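Read the structure below first, then the notes.
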Amino acid sequence: MKSIKKMVLPITLSASVLTLGACGNGSDNSGETLVESKAGNVTSQDVLDKMGNNEVAQNAFQIVLNKVLKDKYEDKVDTKKLDKQVDKQIEQYGGKKKFEEALQQEKPGATLEDFKDSQKTSKYQEEFINDAVKVSDKEIDKNTKKGSHILIKVKSKDSQDGMSDKAAKKKADDILAQIKKNPDNFEKIAKKETQDEGTKSKNGSLGFVMKGQMDEAFEKALFKLKDGEISDVVKSQYGYHIIKADKGEASKKEKESLKEQYRQLKIQKDPKIIINAYKKLLDEYKVDYKDKEIKKSIEDNILNEKALQQQQMQAAQQQSAS
């Protein structure tokens, strides 16, 4: 069974980056000749016409967005450190040739410089989101809790990996009775009895749980507990749980990670936050769409709440399948 935590996926406005020539919409510019033949030449305009406005718009937008993000955040990002990290990756792969071969398998046509640029662009994007969606330590303290659990799974239509509801409930009740006799044995019992493979080796530990990540019944029970308290048996979509609120505060590194997750949850709940932030950034840089059809495509398919939600759903489906 996969983790009972819901996935929190990063929100970005992504598209493939291709070289953009002249746009259509009535232009009489035939474009630069790319290929010559006795049967006729192929121009950049021919390629753009074949791609269609939506694909042209995506690539045009991504190119200009990358330029804007680089201009605004390059001074805040240690690009030399990122290059060194890539060099370390190359070394781990056994050299530049092997790394480039792996890169080609992942994305045909990509170069090492493309990869390095993508690492930097990701950091610029991260800086932008940090600026656009502010999260305080107080919000993290209020909306996160450290917890562990023991899960006894129940068979369902989606999964036959479990027990009947009656048998699972009885087993969970029996385990809770054991724990009540000696609460200090929770971790030991969790390692032996839990059927959540994702936390079994960690004695049932879920680490820090954030509101909005878990099954509603599970989350409600966990956040009611005081540090060190253990719940009664709780039923969720996965089966029956015994939940413990663990003691301990998040380290500085953990808190930064939690802030990043919380930002993404806030954006998922209200995509307008990030859409409006992008629009403000583009206004700041006086981005002007010269082609009406390209402008409409960007507004309908990129800087659009429904489009962003659709992208997030597709990313979640890909993550689930992997």
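The values are calculated or read from the model by the stated rules, or taken from the named source; none is laboratory data. As the structure is a prediction and not an experimental result, all values here were calculated from the model. Because the Cβ atoms are built from the backbone with ideal geometry, glycine has one as well, and the counts that use them run over all protein chains shown. Heavy atoms of the whole protein, side chains included, go into the accessibility calculation; ligands, DNA and RNA do not. Shrake-Rupley method; radii C 1.70, N 1.55, O 1.52, S 1.80 Å.
Set side by side, the residues Lys269, Lys180, Lys211 differ, and just one is more than 24 Å from the chain's Cα centre (by Cα) and open to solvent by 50 Å² or more (accessible area, probe 1.4 Å), which is Lys180. Among the residues in the stretch 181-192, are any in contact (Cβ under 8 Å) with a residue 24 or more places away in the chain and part of a strand (DSSP E or B)? No - not one qualifying residue is present in the stretch 181-192. Return yes when Ile4 is closer than 30 Å to Asp270 by Cα, in contact with a Leu (Cβ under 7 Å, 6 or more places away or on another chain), modelled with pLDDT under 80 and open to solvent by less than 80 Å² (accessible area, probe 1.4 Å) and no when it is not. Judged against the criteria, Ile4 is not a match.
Checking each residue in the stretch 132-148 for being touching a helix residue (DSSP H, G or I) at 6+ places or on another chain (Cβ under 8 Å), outside any strand (DSSP E or B) and either modelled with pLDDT of 95 or more or not acidic (Asp, Glu) (or both) picks out Ala132, Val133, Val135, Ile140, Asn143.
Within the stretch 129-142, can one find any residue that is over 30 Å from Asp75 (Cβ atoms) and open to solvent by 20 Å² or more (accessible area, probe 1.4 Å)? Scanning the stretch 129-142 turns up at least one residue that is over 30 Å from Asp75 (Cβ atoms) and open to solvent by 20 Å² or more (accessible area, probe 1.4 Å).
The residue of the stretch 217-245 that is farthest from the chain's Cα centre (by Cα), among those that are among the hydroxyl-bearing types (Ser, Thr, Tyr) and assigned to a strand (DSSP E or B), is Ser231.
Whenever a residue of the stretch 147-166 is basic (Lys, Arg), its partners that are crowded, with 18+ Cβ neighbours inside 10 Å, lying with C-beta atoms within less than 7 angstrom and at least six residues away or across chains, give the pairs Lys153/Gly162; Lys153/Met163; Lys153/Ala168; Lys153/Gln195; Lys153/Tyr238; Lys153/Gly239; Lys155/Gly162; Lys155/Met163.
Okay, residues lined up against (1) farther than 27 Å from Gln268 by Cβ; (2) modelled with pLDDT of 95 or more; (3) of a type in the set (Ser, Thr, Tyr):
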site	(1), (2), (3)
Ile150	yes, yes, no
Ser156	no, no, yes
Lys169	yes, yes, no
Ile175	yes, yes, no
Gly198	no, no, no
Lys211	no, no, no
Glu216	no, no, no
